[in-house]
1. Look through 42, 32 and report the one residue that is touching a Phe, Trp or Tyr at 6+ places or on another chain (Cβ under 8 Å), free of Cβ contacts under 8 Å to residues at least 40 places away in the same chain and more than 18 Å from residue 122 (Cα to Cα).
2. How about the range 1-37: which of its residues are open to solvent by 60 Å² or more (accessible area, probe 1.4 Å) and not hydrophobic (A, V, I, L, M, F, W, C)?
3. Looking at (1) among the small types (Gly, Ala, Ser); (2) out of contact with any helix residue (DSSP H, G or I) (no Cβ under 9 Å at 6 or more places or on another chain); (3) part of a strand (DSSP E or B), which one does residue 9 not meet, given that it meets all the others?
4. I want to confirm something. Restricting to the range 6-36 and keeping residues that are farther than 25 Å from residue 107 by Cβ and of a type in the set (Gly, Ala, Ser), which single residue is farthest from the chain's Cα centre (by Cα)?
5. Working only within the range 48-58, note down all residues that are in a strand (DSSP E or B) and surrounded by fewer than 18 Cβ atoms within 10 Å (Cβ to Cβ).
6. Take residue 67 and tell me if it is part of a strand (DSSP E or B) and farther than 19 Å from residue 145 by Cβ.
7. Looking at the range 1-29, I want the residues that are modelled with pLDDT under 85 and have a partner that is in a loop (DSSP other than H, G, I, E, B) with Cβ atoms under 9 Å, at least 6 apart or on another chain. Which pairs are those?
8. Pairs only if they're at least six apart or on different chains, beta carbon under 6 angstrom, first in the range 111-125 and open to solvent by less than 50 Å² (accessible area, probe 1.4 Å), second modelled with pLDDT under 75 and not small (Gly, Ala, Ser); list them, first residue then second.
Amino acid sequence: GPAPQPLAAILLDYVRDASHFDDWIPDTVEARALDGPSADDRIYYVRSGLPWPVKDRDMIYRLRASSDPAHPEQIVVSMEGMPDLLPQKDGVVRMAAVSGQWRFFERRGRTEIVLQMHLDPGGALPAALARRRIVGTPSRMLENLAVRFESGC
C-alpha cells in the first residue's frame, strides 16, 4: 500500500483544521476557517474566552505553509494577523497583532515542533491574567499537541 504519511504532515493537517482548535488552543470558544487562497494558505477566525469581567479576545490570522529548500525535511508555517479583515464584534476585543512561525521537522525518528509566536492582546488586561493566558498560550498549545501525538512528538 501507500507509504505512511510522515507525522509532520499529519500535524500540519491537524493544526490547520479549525474543528480541532478547541482541543489544543487554550480558551477557544469559537473557531472557524474563512476563505483562503489555497490549501496551503488559509485564514482563520478564533475567539478566546477570558474570565469576567475581562472581555473575550478574538483574532484573524493567516497560516501559510511552505517548504524551505535548504531544509527539505522541514515544513514551515508562517502566521500573520489580519485584524481588519472582519468587522469587530460588540463586547469582544480584537487582538491587535499576531505573528509567528511553526516548524515541523523529523529528527532521529521523532517529529519536533518549534513554535515562535507574538500576540498583542489589545486593550487593557490585568498583568497576571495577561501572563498566564496570553504569554502562556504557546507553551500550553505545544503541551496539548504533545499529549495528542505523544507516540511521535
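1. 32
2. Of everything in the range 1-37, those that are open to solvent by 60 Å² or more (accessible area, probe 1.4 Å) and not hydrophobic (A, V, I, L, M, F, W, C) turn out to be 1, 2, 4, 5, 6, 13, 19, 22, 23, 32, 35, 37.
3. All conditions pass for residue 9, except number (3).
4. Applying the filter and picking the extreme gives 36.
5. Once the filter is applied, which keeps residues that are in a strand (DSSP E or B) and surrounded by fewer than 18 Cβ atoms within 10 Å (Cβ to Cβ), the range 48-58 yields only 56.
6. Values: part of a strand (DSSP E or B): yes; farther than 19 Å from residue 145 by Cβ: yes.
Considered against the rule, which asks whether it is part of a strand (DSSP E or B) and farther than 19 Å from residue 145 by Cβ, residue 67 comes out as yes.
7. 7/149; 7/151; 7/152; 7/153; 10/149; 10/152
8. Cβ pairs passing all conditions: 111/153; 119/134; 121/134.
The values are calculated or read from the model by the stated rules, or taken from the named source; none is laboratory data. Given the structure is predicted, the values throughout are model-derived calculations rather than measurements. Ideal geometry is used to build each Cβ from the backbone, glycine not excepted, and the neighbour counts take in all protein chains shown. With ligands, DNA and RNA removed, areas are computed over all heavy atoms of the protein, side chains included. Shrake-Rupley method; radii C 1.70, N 1.55, O 1.52, S 1.80 Å.
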